[in-house]
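Note sheet for the following structure.
The values are calculated or read from the model by the stated rules, or taken from the named source; none is laboratory data. Keep in mind that this is a model prediction, so the values were computed, not measured. Every residue, glycine among them, receives a Cβ derived from its backbone with ideal geometry; neighbour counts consider all protein chains shown.
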Amino acid sequence: MKPYEREGLIERVEREGATVGATIPDTVSVQGREMNLSEFVFETRKKDGVAPERRETVEEAKRNLRRERVERRSRLEDDAMTLEEGEALAASIVGIDRALHALNDLGPADLAGEAKASEAADRKRWMSFLKQALGQDGGRRHRS
């Protein structure tokens, strides 16, 4: 592969919007293990968010996919290969990016827990405001 061809492939995988229209690969070797990537993403996304018991699995998959992307990007930059091999590698990187975008776009799974946390934060802010307004904020006095 010629240097300008390599640069073009690197630019393609780093381009914002590179994943538009890209497909998630059916399977991909991630950190030495074969993963049914499209099935994993499909099954994870078809629910309304990530269930608490699957959250760690999804986070681990995302970490492994990010590592694999970095490794493949490095190979694209450094390894001697044909243009065809480089194009296949670039396509696999874009596919991994597409899967990562899909997994990162998942909303919260525990809506009730999120609502409780939000209410608790609101109460805490309200109590802090009241303490400050009543002059009970740890000895700090404010002029009116």
Subset of the stretch 66-90 (residues that are within 19 Å of G21 (Cβ to Cβ) and touching a residue at least 60 places away in the same chain (Cβ under 8 Å)):
E87, L89, A90
Which one of these is of a type in the set (S, T, N, Q), outside any helix (DSSP H, G or I) and under 28 Å from L106 (Cβ atoms): T57, T19?
T19
Given the structure, is I24 within 25 Å of D79 (Cβ to Cβ) and buried (at least 17 other Cβ atoms within 10 Å of the Cβ)?
yes
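Every residue, every condition in (1) modelled with pLDDT of 80 or more; (2) closer than 20 Å to E7 by Cα; (3) assigned by TED's automatic domain parsing to the domain that holds G21; (4) in contact with a helix residue (DSSP H, G or I) (Cβ under 8 Å, 6 or more places away or on another chain), yes or no:
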position	(1), (2), (3), (4)
E53	no, no, yes, no
L65	yes, no, yes, yes
E84	yes, yes, yes, no
L89	yes, yes, yes, yes
F129	no, no, no, no
A133	yes, no, no, no
R143	no, no, no, no
Go through (1) closer than 30 Å to R45 by Cβ; (2) surrounded by fewer than 16 Cβ atoms within 10 Å (Cβ to Cβ); (3) at pLDDT 80 or above and name the single condition G113 misses.
(3)
Among the numbered conditions (1) surrounded by fewer than 16 Cβ atoms within 10 Å (Cβ to Cβ); (2) touching a residue at least 40 places away in the same chain (Cβ under 8 Å); (3) not acidic (D, E), tell me where R15 comes up short.
(2)
